[in-house]
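Chemist: Handing you a structure now.
All of the numbers you see were taken from the coordinates with simple rules; none came from a lab. Predicted model, so just to flag it, every value in this text is computed and none were measured. For neighbour counting, all protein chains shown are included, and Cβ atoms are generated from backbone atoms with ideal geometry for every residue, glycine included.
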Amino acid sequence: MTRIAVIGGGVSGIASAFYLRQRNFEVDLYESEDQIGGRIGSEMLLGRWLDFGGKNIGKNYPLFRDFVRECGVNDYEYFGFNTSQMINGRIVRINKEGAKLLNTLRFISLCGFDGIRKLYPHVRAILKDRRQGVLNSDYFNRIAEQYDNVSLAGYLKEPCLSHVVRPVTVRMNGAEPDECYPGNFGSNLALIIDSYEQLKKGMHGMLDAFQASARDSSLRILTGHWVTSVSSDQGSGCITIGLLHKGVSSTAVYDKVISALPAIRLSVLLDELLPDASALLKKIRYYPVAIAIVKYRRDVFQKSQRAMVFDHTIPLSNAGAYGINDLDLVRYTFSGRVSRSVIYETSAPEDVVALGEKIAGPYFTIRDNMRESFAYRYIVEGLCAYSPLHHHLLRDIDKMLEPFTGFGATGDYRRGASIESCFRAAGECVDKLLGGVH
Ligand SMILES: Cc1cc2nc3c(=O)[nH]c(=O)nc-3n(C[C@H](O)[C@H](O)[C@H](O)COP(=O)(O)OP(=O)(O)OC[C@H]3O[C@@H](n4cnc5c(N)ncnc54)[C@H](O)[C@@H]3O)c2cc1C
């Protein structure tokens, strides 16, 4: 029987393992940390598991929803789309539960004439065919060919840039508009026009269910196993991976291997074996993000205004209610250029939380509220911002990986940095690697 290893136990690795298991392969899933999940990981706060990374599930996430159902989980709660920002001293809200016409008019005024003229055809293309709303789609690759000689900051104008584009790029890519490119913006636009739910038991509940479903199957989940190398045995056609587990080094041999690592991590693994591919993978940008979840004694938000985004001069990109019924639980997200200049991996979590409270304090019930507890995470390779003419780069990387038979690569740099896109990319990677093999 064909033996397959998947490296990386984040969404991309879990999705790869899931699709391989559906085809009845024997799979070993290697994760360097003690828990699977990667950037959808959770932490315990006052007896409750809370998600620090991806947690909002779009209505248009069919692949992920299928997976969740297969794991036996089917409890979602509405999260909606609710945000606000300060514009010329006034708070402007966009709330999908509110009047549709009013929201549409607000959105049009935030976009301005130039924004509508440029973005509307893209939105229409996605609504017509949802498959275009991912990274490296035919439609957006044509946009990249035409416009990726400039960043989004050159492609779009104010007010669209500050009030529509930036809140999305800092949130999804950890990057400013001048660090993102028009050809990659389709995957962001698809998320803006979606509407969201979250799992009632959070990502932690889903990961538990997935691990339980693996117990009696041909899938082994090996946490605490750091993959240190990959090498190809030309004679046997097998792939050897080097491992470090509890300080002990070993090797394991597989017929096929899938990397489900962020591009920057895969580049390290391929440094010696395929230095040219490794150099190209390094061109894909990842930016850090810091997340603090703080529980207060009383409600911080009102139901009608559950989140706020902040502008480019401020390190806090977003402060929002954790869930539609969690108005006393705030998720502070710090990303973007100013955030990178004031918050580091070594920053004290307490200081970061205090900074978030100072910034959001004037708008919500925070100053005269009591902080009960908080949890904090800093993710170095937090959010992927891709590269200009990204489809060319991906094509060149794949060409360089071709001689490495039996090896496939997936991750959030393939189809976009969302949970659904990771599932889509993983499915495509499995299909490509296995073709008709069963
Ligand atoms: C703050 C934040 C909020 C987000 N919000 C949303 C959201 O609401 N909705 C949405 O759809 N998406 C969201 N996303 C995006 C989504 O969570 C990510 O795109 C997705 O989780 C990436 O998964 P991945 O498996 O590709 O990468 P990762 O999660 O990074 O997985 C890679 C895994 O590989 C492991 N690893 C690394 N090196 C090795 C090695 N050498 N050997 C073995 N294992 C290794 C890592 O520990 C990690 O577990 C968010 C992301 C962040 C950071």
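Chemist: Just the Kirkwood number for region 286-385, please: inverse of mean 1/r across all distinct Cα pairs, in Å, one decimal. Intermediate values should be presented prior to the final figure.
Modeler: Numbers: mean 1/r = 0.0741 Å⁻¹.
Answer for region 286-385: a Kirkwood hydrodynamic radius of 13.5 Å.
Chemist: Right, next: Going down the list Lys283/Lys399; Lys128/Lys283; Lys55/Lys282; Lys59/Lys118, which pairs span over 22 Å between their C-alpha atoms?
Modeler: Lys128/Lys283; Lys55/Lys282; Lys59/Lys118
Chemist: Count neighbours as other Cβ atoms within 10 Å of each site's Cβ, and list the GluC sites (Glu not before Pro) in region 28-101 that are DSSP loop with at most 16 such neighbours. Please report the intermediate quantities before stating the final value.
Modeler: On the way: sites: Glu31, Glu33, Glu43, Glu70, Glu77, Glu97; in loops: Glu33, Glu97.
Here the sparse-neighbourhood loop sites are Glu33, Glu97.
Chemist: A follow-up question, please. Between Leu105 and Asp138, what length comes free when the chain is fully extended (0.36 nm per residue of separation minus the Cα-Cα distance, one decimal in nm)?
Modeler: Numbers: separation 33, 0.36 × 33 = 11.88 nm, distance 3.04 nm.
Result for the pair: 8.8 nm of gain on full extension.
Chemist: Would you mind ranking Cys429, Cys422 so that the residue whose beta carbon has the fewest other beta carbons within 10 Å leads the list?
Modeler: Values: Cys429 24, Cys422 30.
Fewest to most other Cβ atoms nearby, the residues stand as Cys429, Cys422.
Chemist: As I understand it, the dipole of the chain uses +1 on the Cβ of Lys and Arg and -1 on the Cβ of Asp and Glu, about the Cα centre. Which of Ile116, Ser12, Cys429 lies farthest toward its positive end?
Modeler: Ile116
Chemist: How would Lys295, Lys432, Lys283 line up from fewest to most surrounding beta-carbon atoms within 10 angstrom?
Modeler: Lys432, Lys283, Lys295
Chemist: Let me ask something else about it. What is the dipole size for the chain, taken about its Cα centre, with +1 at each Lys and Arg Cβ and -1 at each Asp and Glu Cβ, in debye to the nearest 20? Walk me through the intermediate numbers first.
Modeler: Details: 52 positive and 48 negative charges, 274 e Å.
Using Cβ point charges on Lys, Arg, Asp and Glu, the chain gives about 1320 debye.
Chemist: Where in region 201-238 does the label zone of Ser250 land, with the point 7 angstrom along Cα→C-beta and an amide N cut-off under 16 Å?
Modeler: Residues 220-229 fall inside that zone.
Chemist: I would also like to ask the following. For a protection proxy built on the mean count of beta-carbon atoms within 10 angstrom, sort 148-154, 113-119 highest first, please.
Modeler: So the order, starting with the most tightly packed, is 148-154, 113-119.
Chemist: For Asn325 paired with Lys303, estimate the spin-label separation in nm (one decimal), with each label point 7 Å from Cα along the Cα-to-Cβ line.
Modeler: With each label placed 7 Å out from Cα toward Cβ, I get 1.2 nm.
Chemist: Once the dipole of the chain is set up with Lys and Arg at +1 and Asp and Glu at -1 on Cβ about the Cα centre, which of Val330, Ile293, Tyr254 lies farthest towards its positive end?
Modeler: The Cα lying farthest towards the positive end belongs to Val330.
Chemist: What does the charge add up to near Ser267, with Lys and Arg as +1, Asp and Glu as -1, over the other residues with Cβ less than 10 Å from its Cβ?
Modeler: It works out to a net charge of +2.
Chemist: Hull surface divided by four, with the convex hull built on the Cα atoms of region 97-194: how many nm²? Present the calculation step by step, with values, prior to reporting the outcome.
Modeler: Values: hull surface 23.9 nm².
Its Cα hull, projected and averaged over all orientations, spans 6.0 nm².
Chemist: In addition: Report, in degrees rounded to the nearest 10, the 0 to 90 angle that the Cα long axis of helix 390-401 makes with the longest principal axis of the chain.
Modeler: Helix 390-401 and the main axis of the chain meet at about 20 degrees.
Chemist: Moving on. Along the charge dipole of region 97-194, which of Leu127, Asn173, Tyr139 sits closest to the positive end, that is, farthest toward it, with unit charges on the beta carbon of Lys, Arg, Asp and Glu (+1, +1, -1, -1)?
Modeler: The one lying farthest along the dipole's positive direction is Leu127.
Chemist: So if I place +1 on the C-beta of Lys and Arg and -1 on the C-beta of Asp and Glu, and nothing else carries charge, what would the dipole magnitude of region 286-385 be about its Cα centre? I want it in debye, nearest 20. Each step should come with its number before you reach the end.
Modeler: Details: 12 positive and 11 negative charges, 38 e Å.
Here the size comes out at about 180 debye.
Chemist: On to the next question. Report the label-to-label distance for Arg131 and Arg371 in nanometres (one decimal), using points 7 Å from each Cα along the Cα→Cβ vector.
Modeler: In this crude spin-label approximation the distance works out to 4.9 nm.
Chemist: Count charges around Asp34 for me, please; just the other residues with Cβ under 14 Å from its Cβ, Lys/Arg as +1, Asp/Glu as -1.
Modeler: -2
Chemist: Could you tell me what % of all Cα pairs in the chain have separations over 34 Å?
Modeler: The proportion of pairs with Cα distances above 34 Å equals 31 percent.
Chemist: Once both axes come from the Cα atoms, what is the angle between helix 202-214 and the longest principal axis of the chain, in degrees from 0 to 90, rounded to 10?
Modeler: That works out to roughly 20 degrees.
Chemist: Continuing with this model, one more query. Please report Met86, Met400, Met206 as a ranked list, fewest other C-beta atoms within 10 angstrom at the top and most at the bottom.
Modeler: Met86, Met400, Met206
Chemist: Moving to a separate point now. Return one number: the angle in degrees, 0 to 90 and rounded to the nearest 10, between the long axis of the Cα atoms of helix 419-434 and the longest principal axis of the Cα atoms of the chain.
Modeler: For 419-434 against the chain, the angle is about 20 degrees.
Chemist: When only alpha-carbon atoms count, how far does region 369-418 stretch along each of its three principal axes, as whole angstroms with the largest first?
Modeler: On the principal axes, region 369-418 reaches 59, 26, 16 Å in Cα extent.
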